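Everything on this sheet refers to the single structure shown next.
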């Protein structure tokens, strides 16, 4: 049974196993500073518990298990911090959340404001997915006219839907 009460023994174990422990942790966390912090935690824990610590396996096995535990603890801490950050984020759009049907209804109402030709071009572009060239050919108008009509329509519709979230506006804006 190994005992760490003797400082010379503790130092020898550190020297003998540090590299192996480092490699073991580094394979899971390829960050030198983090790995060194993890190894420091392992050895601090051993030193603090040196008088009551009883190792009933090989020292090497114990140290590698301790490293594995500290690595898992590190990942748990990262996940916990991520979850805390997410839960503390303000819900920026909570007041603006609406069902998709309501949003589509509002887009339809905004489209009804457009002149008939602009509405047709906008619908072909944004709803039916036609390219500028395809719209140009189907309606027998120049591609520049299609561009102009789409830009004009987007400006009008964005103005009508400015109360919606920026995400919705980006989606209709292409």
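The values are calculated or read from the model by the stated rules, or taken from the named source; none is laboratory data. Note that the structure is a prediction, hence the values are computed from the model and not measured. Cβ sites come from the backbone with ideal geometry, for glycine too, and all protein chains shown count toward neighbours.
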Looking only at the range 132-174, and only at residues there that are modelled with pLDDT of 90 or more and assigned to a loop (DSSP other than H, G, I, E, B), the one that is surrounded by the fewest Cβ atoms within 10 Å (Cβ to Cβ): 140
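Which is part of a loop (DSSP other than H, G, I, E, B), surrounded by 12 or more Cβ atoms within 10 Å (Cβ to Cβ), out of contact with any helix residue (DSSP H, G or I) (no Cβ under 6 Å at 6 or more places or on another chain) and at pLDDT below 90, of 98, 106?
The conditions single out 98.
Would you say residue 4 is outside any helix (DSSP H, G or I) and buried (at least 17 other Cβ atoms within 10 Å of the Cβ)? Lay out the reasoning, then the answer.
Numbers: outside any helix (DSSP H, G or I): yes; buried (at least 17 other Cβ atoms within 10 Å of the Cβ): yes.
Yes, satisfied.
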Selection from the range 49-64 of residues farther than 17 Å from residue 12 by Cα and at pLDDT 90 or above yields none
Checking residue 26 against (1) more than 24 Å from residue 76 (Cα to Cα); (2) in contact with a helix residue (DSSP H, G or I) (Cβ under 7 Å, 6 or more places away or on another chain), only one condition comes out false. Which one? (1)
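Condition check: within 16 Å of residue 11 (Cβ to Cβ) and touching a residue at least 40 places away in the same chain (Cβ under 8 Å). Does residue 39 satisfy that? Let's see the steps before the verdict.
Numbers: within 16 Å of residue 11 (Cβ to Cβ): yes; touching a residue at least 40 places away in the same chain (Cβ under 8 Å): no.
When the stated conditions are applied, residue 39 does not pass them.
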